[in-house]
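Values quoted throughout were computed directly from the atomic coordinates according to the rules given, and no laboratory measurement underlies them. Just so it is clear, the model here is predicted, and its values are computed rather than measured. FYI the Cβ positions are ideal-geometry reconstructions off the backbone, even for glycines, and counts take in every protein chain you see.
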Amino acid sequence: MPENDLNQMTQEEFDKLQAKYSEMVKVKQKEIADALREARSYGDLSENAEYDAAKENEAKFHEELQALEEKIRNAVVVSIDTTKVGLGLTVTVEDQDMGEEQAFSIVGVDVDPFANPPKISSSSPIGSALNGKAVGDEVEVQVPSGIRHFKVVKIEESAKED
């Protein structure tokens, strides 16, 4: 399997995927089956809008479930080492072009740019450039607005989410 098909993630991210999968199988799958059963009870399936909608929801559910199974199957859980930038860590950098500090949580799967600190993918330009760097290391990153220069100031474990 090509390495880029693997989904690197923290244990926390992996646990969330498994919990979502479990919820879908135990709860949502039953809801879908109940909706189909109820729609069938309305009679003639050829002109049954409720049945058509239930079948469409079932198809979407199975697509989502299959995508989730694929993510879990290709998951690679990485260990956390706070001496070098990587998944599951929050890195504080000095933006040497702007003269200000900024913190990023490095994640593998779920990127939320509105989180505090912002979450960035380990495969994004900034995430890739910072990956494996230690405190004091400097990087040059090509971003949409041009080239930026960062210096790693601090590396710490990201706060756990509920």
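Nearest 10 degrees, 0 to 90: what angle lies between the long axis of helix 11-23 and the longest principal axis of the chain (Cα atoms)? On a 0 to 90 degree scale, this one is about 10. In terms of other Cβ atoms within 10 Å, MET98, MET9, MET24 run from fewest to most in the order MET98, MET24, MET9. Against the chain, whose longest principal axis comes from its Cα atoms, helix 49-73 is set at around 40 degrees. From helices alone, the chain scores -11000 deg cm²/dmol at 222 nm; the rule is -39500 (n - 2.57) for each run of n ≥ 4 DSSP H residues, then divide by the residue total. Out of these labelled values of percent of Cα pairs over 29 Å apart, (1) 39; (2) 16; (3) 32, which was calculated from the coordinates shown here? Label of the calculated value: (1).
With 21 Å as the limit on Cα-Cα distance, the pairs of LYS60/LYS119; LYS20/LYS84; LYS26/LYS119; LYS26/LYS71 that go past it are LYS60/LYS119; LYS20/LYS84; LYS26/LYS119. Under the criterion of Cα pairs below 8 Å and six or more residues apart, the relative contact order for the chain equals 23 percent.
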